[in-house]
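For reference, the structure is listed below as structure tokens.
No lab work stands behind these numbers, since they all come straight from the coordinates. Keep in mind that what you see is a predicted model, and the values were worked out from it rather than measured. For neighbour counting, all protein chains shown are included, and Cβ atoms are generated from backbone atoms with ideal geometry for every residue, glycine included.
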Amino acid sequence: MLDRLRHSRISFDEIIAAAKRAGLFMTAGYPEALGGAGVFFEQNRQNKGLNRPALQLLCNRVVMEQTSEMRGLDWYPIEPAGRPYRWSGPNPRPQILIPFSGERARFGIDLLMGNPNGRLENISLSAEGKPVTSTIESAPGLAGRLTAEIELSPDDYTVLALETPMFTPDPSTGDTRSLGVAVADIAIEPLATPPSPLLPSAPLRSGAVRTR
């Protein structure tokens, strides 16, 4: 585009003058941030997966509930009606940050909804880029619960990734989102008794990240 403008018979000054006359010159602005200075900076860091919850040693069973921070293009905004959940998408391989270290653990990922014309068994799971054997169990109030046994990193975060067939709910209603699966709580239970925790505790968050 810049090359075409440079070789155009119309000068940059004429283009800028025309934009000013039309009221279209440098009209973009930033909305006022609620919460004070630095809010957008922190939101962008969360969006990119750079702000992470404190790493904790997994000693007992924990449940990670869905929270409302931004999550890039892996997950749609939280839907708090009843049990909080998020639809994955538009990325068909959404990631989940696990802020716990340890040894082997059993995971239960609660799936509220999926593709009405598909099967939850078509969803696959990986940990740190390596495929993981998983099964879909029935559970009250859920479409299913994806379960797997996974080796946690002994001294770092573990990143899980779902791979989901995508669908569009109903374009005729204006909902043109590309959806994968609706995820609610994620339960994690250690399969071995770890030593006493050495890391400070912090509020639990289920954090999905785009890239690392």
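For LEU57, the amide hydrogen comes within under 5 Å of the amide hydrogens of SER101, LEU198, LEU199, counting only partners 5 or more places away or on other chains and with H modelled in the peptide plane. Amide H contacts for LEU191 (H built 1.01 Å from N in the peptide plane; partners 5 or more residues away or on another chain; cut-off under 5 Å): ARG104, ALA105, ARG106.
Under 19 Å from a label point set 7 Å out along the Cα-to-Cβ vector of SER153, the amide N atoms of the stretch 36-52 belong to 45-52. Length available on full extension from ASN51 to LEU2: 0.36 nm per residue minus the Cα-Cα distance, which gives 14.0 nm.
If R0 equals 35 Å, the separation of the Cβ atoms of ARG104 and SER138 corresponds to a calculated FRET efficiency of about 0.90.
Here THR133, THR147, THR173, THR158 are placed in order of increasing Cβ neighbour count within 10 Å, fewest first, which gives THR173, THR133, THR147, THR158. Sorted fewest first by neighbouring Cβ atoms within 10 angstrom, ASP175, ASP3, ASP110 come out as ASP3, ASP175, ASP110.
Computed from Cα atoms, the angle from the helix 12-21 axis to the main principal axis of the chain rounds to 80 degrees. Size estimate for the chain follows the Kirkwood approach: the inverse of mean 1/r over distinct Cα pairs works out to 19.8 Å.
In a fully extended conformation the segment linking ILE10 and ALA81 would gain 20.1 nm over its present Cα-Cα distance, using 0.36 nm per residue. Residues in the stretch 104-117 carry Karplus couplings, in order, of 7, 9, 9, 10, x, 9, 6, 10, 7, 8, x, 5, x, 9 Hz; the curve used is 6.51 cos²θ - 1.76 cosθ + 1.60 with θ = phi - 60°, and Gly or Pro positions show x.
For ALA17 and PHE40, the difference between the fully extended length at 0.36 nm per residue and the C-alpha to C-alpha distance is 5.1 nm. Shown in residue order for the stretch 173-188 are the 3J(HN,Hα) couplings computed by the Karplus curve 6.51 cos²θ - 1.76 cosθ + 1.60 at θ = phi - 60°: 8, x, 8, 9, 5, 9, 10, x, 8, 8, 10, 10, 6, 10, 9, 10 Hz (x for Gly and Pro). Put a plus charge on the Cβ of each Lys and Arg, a minus charge on the Cβ of each Asp and Glu, and nothing anywhere else: the dipole of the stretch 54-190 about its Cα centre is then about 220 debye. Couplings 3J(HN,Hα) of the stretch 154-162, computed from phi: x, 8, 8, 5, 10, 10, 9, 9, 8 Hz, in residue order, whole Hz [Karplus 6.51 cos²θ - 1.76 cosθ + 1.60, θ = phi - 60°; x for Gly and Pro]. Note on PHE167 and LEU24: the model spin-label points, each 7 Å out from Cα along the C-beta direction, lie 4.1 nm apart.
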